[in-house]
Amino acid sequence: METGLEIWKFGGAALADARAIQKAVERIAEHDGPLVVVASALAGVTDLLLAAAPDAAETFKRKHQQAARALLTGPALQRYLDEVDASAREYDDVRSAIKILGHQSPRAHDTLVARGEQMSARLLAAALTKPRRRASYVDALDIVRTDDVHGGATPRLEVTRARARKILRPLIESGTIPVVPGFIGRTPDGSVATLGRGGTDLTATLLARSLNAPRVVLWKDVPGIMTADPRLVPDARVIPQLHHREAAEVAHYGAKVLHPRALIPIAGTRITVRVRSFIDPAAPGTEVSSRQSLKAYPVKSLAVLPAQSVITVAGRGMVGVPGIAARTFTSVSAEGLSVSTIFQASSESSIGFTVPDNQANRAVACLTQGLREEIAHGWIDGVSARTQMSVVAVVGDGMAGTPGISARVFTALEAGGINVVAIAQGSSERNISFVVSAADAAEAARRVHAAFQLSKIGGGRPLSKPRTDVVLLGFGRVGRALADQISSMRIDREVRIVGLLDRSGYVFDNRGLSRARLLKLAKAKDQGALLATLGGRAASAGDALAFMASHAVSRPVVVDVTSDNTATVLQTAAAQGFDVVLANKKPLADGWESYDKLVTACTSGGRRLRYEATVGAGLPIIDTYRKLTETGDRVLRIHGCVSGTLTYVLSEVTAGRPFSQAVREAMSRGYAEPDPRDDLSGRDAARKGLILARMMGYRGPAPAADDLVPAPYRNLPLVEFLARLPELDKAWSGRVAAEAKHQKVLRYVVSATNRTVSAGLRGVPAASPIGAASGTQNIVTFQSRRYKFEPLVISGPGAGPQVTAAGILNDICSLDVGPV
Ligand code: ADP
Ligand code: ASP
Ligand code: MG
């Protein structure tokens, strides 16, 4: 081996802007030994060039000019600006020519995107000549030779090796650092090809193999290869060491951290790859080598391949008919489809495999054609596609010798109610893959991750605080209080509001919406504007939630602080993988069927539903119920006063105040709704009672609440109602006096069991906990097997934005990760 030669690759995220490039330059300059640098395009540039919008050339030019002006001076700067100019012009020419032809072949795409890597490598080389190291740009098109599969070419090892030696060796020997664009090469007919997305990793290992370099360093924005994609599994940890074979499998199954074929050139060699953190260069990262360590972990990593379709060729008549599998895969490969995983049912009555969603139609069409005789004979019933699936692969070298791995995987999934659509055991026995619906993939990965205790790998140090991303429905007083409380939280968890949703669309930022931005949005919304027109995007709730769920949202939670009928939106959210937290009573306080539908939607996929704030704001009423039942107690009855306004009015009336005055006082103190009849009708209290009863298993209709406003007064204009309030005083003082004779006081009481629910005015013993309630206090008592004679009592303030927000936050924090 070439002593000490290293190949360093800088990923797009490590070349995000001038500052990052400057850091890369410094790091290279500090390195003493011989070095080859492989560059990705600047962050976002490949996507930009591929999308080929009319202003792409302009943006491309501006990005590179800006970086260059910060890094270069004098003639070097001028030379580079000229190159960028020429490259952008050429890009636009090709782009318009393709537009005229009306279709973009992979070949045309490759010509378009190649300049991303070329211009970033040129910039890096130019910036490097300033410090003490000599560097020189070398075009990969002069070195890397590939086959002719545009968009995903495979390098030809022998020719590439010869060219790399001829061109790069003399430079290295003279102490120069060659800077080579990654990702691109030349096909036999001389055209430009790319190695597939993420291909710079492959260029780096290819050059290492070609030059016999003992070591490759891949500088990335993650701290190493992790036990799972940290965007999906917040508990993911850096794996200190992996065998080549294991890393190859992780990459093959779609972990974006490595190009799927990056390890092929160095398989069977002693070349070591290190995946290191560009942000934290002192951290050791992951070593990929021919060693085997971490024997205690038979499973080391999970990979999730999103947007897949399962194609199934099925028919009972297939059994024993030879060659169907062969013909299936011949058709598929002739069509050039990218099959990721093959499934064979044990009964042999079906063959299945996965392709990306956007190839599903082609797969079905080519198979229906290729197998038409078998279909005509009735050997095959048909070919079908199931779209919007994900393949989750569980990878580790120790799996072969460890019994019970698949059982552990499937027990974990079953516990989460996650339906497994298909299973494949890799022939190498170093992986098991299974297919789940795309909406279940993240939860499946978290559960399997927890089942194998992967968060303990490498000493189990967490990388950062666990994070919960909140999407809010509505942003009124409670939403604002919640935003305040989140920003002053003192616990080991990061909670961020990443999105707002209304009926027009959504606003989303995966780094979290700042408080200032939230307040600005709230103000505009108060004036009637809709999110879609406030810098957000127009979308249906379903599309908005799907978008947010798939954009780097970790542990997503939808929090409903509206008072609308949001049941459908919440069901959609649950289907997209969100947990659901409610302060809004309406979705829970309808008929049994709609309640059941919502709860099932939330819990069937392992999602969770919390709604503490709907009943007692911040009081732990539902939490207490949960704890009692979890520890084996049986709650027989919950009853109490759950309307602060009604408790206030009734306790004042009991103390001798006229009813009209008590109501006016409740209004002026801000306890009551703007129209106090909304409280006095008892409807709100009845909803709370119903929620409690449903929780206990009650399936009947909503209770008819006692309305404290006599019928003739219910539809009066508010002003008139208030003016005529004193007419009611006498009747109230009479009722109070009648109760007092029996040492009783009037309270508005809700009462719930698993069979009954009621809400109304009751006389209760003055000495009972409920009778003693005063002010706007909520008071709830639990009668259970354990607390039969002396009920368990919970009381405190049951309304107000601050305590409601606290209740919500408590719910959010209770949705913890881990083995659920
Ligand atoms: P580069 O900048 O070198 O191109 P990538 O962006 O291709 O790096 O790879 C890093 C990304 O891969 C991260 O953003 C991370 O979210 C994702 N990723 C997926 N699976 C894993 C995993 N198992 N370990 C680390 N990162 C992963
Ligand atoms: N720039 C290319 C991409 O974004 C290649 C790479 O970064 O490795 O896929
Ligand atoms: Mg990459």
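The values are calculated or read from the model by the stated rules, or taken from the named source; none is laboratory data. Here the structure is a predicted model, which means the values were calculated and not measured. We place every Cβ from the backbone using ideal geometry, glycine too, and count neighbours over all the protein chains shown. The protein model used for the area step is the full one, side chains on, heavy atoms only, and it has no ligands, DNA or RNA in it. Shrake-Rupley method; radii C 1.70, N 1.55, O 1.52, S 1.80 Å.
Here are the numbers for the structure shown:
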quantity: Qualifying residue in the stretch 300-311 (condition: part of a strand (DSSP E or B), within 15 Å of ligand 3 (Cβ to nearest atom) and farther than 24 Å from Val409 by Cα); calculated: no
quantity: Residue within the stretch 119-139 that is within 16 Å of ligand 3 (Cβ to nearest atom) and either within 23 Å of Ala86 (Cβ to Cβ) or open to solvent by less than 10 Å² (accessible area, probe 1.4 Å) (or both) present; calculated: yes
quantity: Qualifying residue in the stretch 633-641 (condition: open to solvent by 20 Å² or more (accessible area, probe 1.4 Å) and assigned to a helix (DSSP H, G or I)); calculated: no
quantity: In the stretch 168-222, the residues that are at positive phi, in contact (Cβ under 8 Å) with a residue 40 or more places away in the chain and more than 32 Å from the chain's Cα centre (by Cα); calculated: Gly175, Asn212
quantity: Residue within the stretch 363-372 that is loosely packed, with under 12 Cβ neighbours inside 10 Å and within 40 Å of the chain's Cα centre (by Cα) present; calculated: no
quantity: Flag if Glu739 is acidic (Asp, Glu) and at pLDDT 90 or above; calculated: yes
quantity: Wholly within the stretch 328-420, strands (runs of 3 or more DSSP E) carrying at least 3 residues that are over 26 Å from Ala247 (Cβ atoms) and polar (S, T, N, Q); calculated: 382-395
quantity: Positions within the stretch 211-245 being open to solvent by less than 20 Å² (accessible area, probe 1.4 Å), part of a loop (DSSP other than H, G, I, E, B) and within 12 Å of ligand 1 (Cβ to nearest atom), in sequence order; calculated: Gly224, Ile225, Thr227, Ala228, Val233, Ala236, Ile239
quantity: Only listed residue being of a type in the set (Ser, Thr, Tyr) and either farther than 15 Å from Ile638 by Cβ or open to solvent by 70 Å² or more (accessible area, probe 1.4 Å) (or both), chosen from Ser774, Ser758; calculated: Ser774
quantity: Enumeration of residues in the stretch 682-737 that are in a helix (DSSP H, G or I), open to solvent by 30 Å² or more (accessible area, probe 1.4 Å) and small (Gly, Ala, Ser); calculated: Ala711, Ala723, Ala731, Ser733, Gly734, Ala737
quantity: Residue match in the stretch 193-210 (condition: more than 16 Å from ligand 1 (Cβ to nearest atom) and part of a loop (DSSP other than H, G, I, E, B)); calculated: no
quantity: Which listed residue is more than 45 Å from the chain's Cα centre (by Cα) and over 20 Å from Ile770 (Cα atoms), from Pro717, Pro703, Pro676; calculated: Pro717
quantity: Count of the stretch 664-678 residues which are modelled with pLDDT under 90 and out of contact with any Phe, Trp or Tyr (no Cβ under 7 Å at 6 or more places or on another chain); calculated: 9
quantity: Some residue of the stretch 276-285 being open to solvent by less than 20 Å² (accessible area, probe 1.4 Å), touching a helix residue (DSSP H, G or I) at 6+ places or on another chain (Cβ under 7 Å) and within 16 Å of ligand 2 (Cβ to nearest atom); calculated: yes
quantity: Residues of the stretch 1-19 classified as within 16 Å of ligand 3 (Cβ to nearest atom) and either among the hydrophobic types (A, V, I, L, M, F, W, C) or in a helix (DSSP H, G or I) (or both), total; calculated: 8
quantity: Ala41, sole failed condition from (1) within 16 Å of ligand 3 (Cβ to nearest atom); (2) without any contact (Cβ under 8 Å) to a residue 40 or more places away in the chain; (3) assigned to a loop (DSSP other than H, G, I, E, B); calculated: (2)
quantity: Top-ranked residue of the stretch 158-210 - restricted to ones that are of a type in the set (A, V, I, L, M) and over 22 Å from Ala24 (Cα atoms), ranked as surrounded by the most Cβ atoms within 10 Å (Cβ to Cβ); calculated: Ala193
quantity: Test result for Ala267, of a type in the set (A, V, I, L, M), touching a His at 6+ places or on another chain (Cβ under 6 Å) and without any contact (Cβ under 8 Å) to a residue 60 or more places away in the chain; calculated: yes
quantity: Count of residues meeting criterion [among the basic types (Lys, Arg) and either modelled with pLDDT under 95 or out of contact with any helix residue (DSSP H, G or I) (no Cβ under 6 Å at 6 or more places or on another chain) (or both)] in the stretch 155-213; calculated: 6
quantity: Sole residue being at pLDDT 95 or above and not in a loop (DSSP other than H, G, I, E, B), chosen from Val273, Val250; calculated: Val273
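Yes/no matrix, rows are residues, columns are (1) more than 23 Å from Gly224 (Cα to Cα); (2) within 16 Å of ligand 2 (Cβ to nearest atom); (3) assigned to a helix (DSSP H, G or I); (4) among the charged types (D, E, K, R):
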| position | (1), (2), (3), (4) |
| --- | --- |
| Ile21 | no, yes, yes, no |
| Arg27 | no, no, yes, yes |
| Asp32 | yes, no, no, yes |
| Asp47 | yes, yes, yes, yes |
| Gln65 | yes, no, yes, no |
| Arg69 | yes, no, yes, yes |
| Val84 | yes, no, yes, no |
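Residue-wise test of (1) among the aliphatic types (A, V, I, L, M); (2) open to solvent by less than 10 Å² (accessible area, probe 1.4 Å); (3) under 30 Å from Ala262 (Cβ atoms); (4) within 29 Å of the chain's Cα centre (by Cα).
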site: Val25; (1), (2), (3), (4): yes, yes, yes, no
site: Ala70; (1), (2), (3), (4): yes, no, no, no
site: Ala76; (1), (2), (3), (4): yes, no, no, no
site: Asp85; (1), (2), (3), (4): no, no, no, no
site: Arg89; (1), (2), (3), (4): no, no, no, no
